[in-house]
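Here's the structure we're looking at; comments come further down.
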Amino acid sequence: MDLREDRRRLERILLGQEAAVNEVRTWLEEEDAADAIVEAAIRSSTTVRTDRLQGLDPSRLFSGDAVRDLCVRYRLRLLPAGLYKGALPRQAIGAVRALEAAHQTVLHGFQIMAPARRFKLCDADGDPLLFVGVDEDRYYLVHRWGSDLSPWRAVLHWPLRSLLNLALTVVAVALLFTLLMPNGVLTRDPAAGWWGGHRLLFGFWTIWVVMAFTVQGWFAFHGRFSREAWNSRTFN
């Protein structure tokens, strides 16, 4: 009698565990389906659109000028998310779902800020920030992943911000090379001082040489300044 009772109790336990497992499996499948819908919405964003949202976190709202300045400073592009060719982390998709749930709406105007190499540009063969446009000149930061807004990246791409930045970089490199050049290389006069006409002429010559190589490389690689390329869909 006790053996039959133990067997029935064990069967109830096993059936309860199976029901719990099935419930968890169903919930996971529903979550995966919801994530897939959101990812499809992000991947299908190929044009600039806006989603009218109210009550957003002010710390995550950026004006168009602020977004443009970030792109110029760090040499990034802000383009529709449908052009992005990298992987979308589950945290970003979860952030979109949370935002949609909080505002009882479906978002469409997704844009991603990332280096040009992360996009499928028109003549193309990191990490990004996912934005959604909330009006004509404001963007809401939904999720950020990676480290593309590092100080090192800003310093490295400072010369590419504008023509003035590039010109100042050329002059600085030439002057540094001039200052480091030993005096014996510039003149055979052992009595010549470190400063003099020989170093001044070498400085002008160095500026022209560095400028010539810079211009040649700029046109050879279809260079574009960050102020013009920050929202361009093409390499050149």
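The values are calculated or read from the model by the stated rules, or taken from the named source; none is laboratory data. No experiment lies behind these values; they were computed from the predicted model shown. Every residue, glycine among them, receives a Cβ derived from its backbone with ideal geometry; neighbour counts consider all protein chains shown.
For ARG97, the requirement of being surrounded by fewer than 18 Cβ atoms within 10 Å (Cβ to Cβ), modelled with pLDDT of 80 or more and within 27 Å of ALA33 (Cα to Cα) is met. Each residue in segment 110-127 was checked for being modelled with pLDDT under 85 and either touching a helix residue (DSSP H, G or I) at 6+ places or on another chain (Cβ under 7 Å) or surrounded by fewer than 20 Cβ atoms within 10 Å (Cβ to Cβ) (or both), and 11 pass.
Among the residues of segment 27-52, those that are of a type in the set (Lys, Arg) and either surrounded by 13 or more Cβ atoms within 10 Å (Cβ to Cβ) or not assigned by TED's automatic domain parsing to the domain that holds ARG90 (or both) comprise ARG43, ARG49. Within segment 195-220, residues that are of a type in the set (A, V, I, L, M, F, W, C) and at pLDDT below 85 have Cβ atoms under 6 Å from residues that are surrounded by 12 or more Cβ atoms within 10 Å (Cβ to Cβ) and in a helix (DSSP H, G or I) in these pairs: PHE202/THR178; PHE202/LEU186, counting only partners at least 6 apart in sequence or on another chain.
Tell me, which residue of segment 64-89 that is among the hydrophobic types (A, V, I, L, M, F, W, C) and in a helix (DSSP H, G or I) is farthest from VAL142 (Cα to Cα)? Steps first, please.
So in segment 64-89, the residues among the hydrophobic types (A, V, I, L, M, F, W, C) come out as 66-67, 70-72, 76, 78-79, 81, 83, 87-88.
The next check asks that each one be in a helix (DSSP H, G or I); those that pass are 66-67, 70-72, 81, 83.
Numbers: ALA66: 16, VAL67: 14, LEU70: 16, CYS71: 17, VAL72: 21, ALA81: 12, LEU83: 17 Å.
If we take residues in segment 64-89 being among the hydrophobic types (A, V, I, L, M, F, W, C) and in a helix (DSSP H, G or I), then VAL72 is farthest from VAL142 (Cα to Cα).
Quick one: is ALA19 more than 28 Å from GLU228 (Cβ to Cβ), at pLDDT 70 or above and not hydroxyl-bearing (Ser, Thr, Tyr)? In short, no. For beta carbons closer than 6 Å, sequence separation of 6+ or different chains, a first residue in segment 79-100 that is charged (D, E, K, R) and a second that is assigned to a helix (DSSP H, G or I) and modelled with pLDDT of 85 or more, the qualifying pairs are ARG97/VAL38.
Here is a list: ARG4, ARG49. Which entry is of a type in the set (Lys, Arg), in a loop (DSSP other than H, G, I, E, B), out of contact with any Asp or Glu (no Cβ under 9 Å at 6 or more places or on another chain) and at pLDDT below 85?
ARG49
Condition (residue is crowded, with 21+ Cβ neighbours inside 10 Å, modelled with pLDDT of 85 or more, in a helix (DSSP H, G or I) and touching a strand residue (DSSP E or B) at 6+ places or on another chain (Cβ under 7 Å)) applied to segment 53-63: is it met by at least one residue? No: zero hits.
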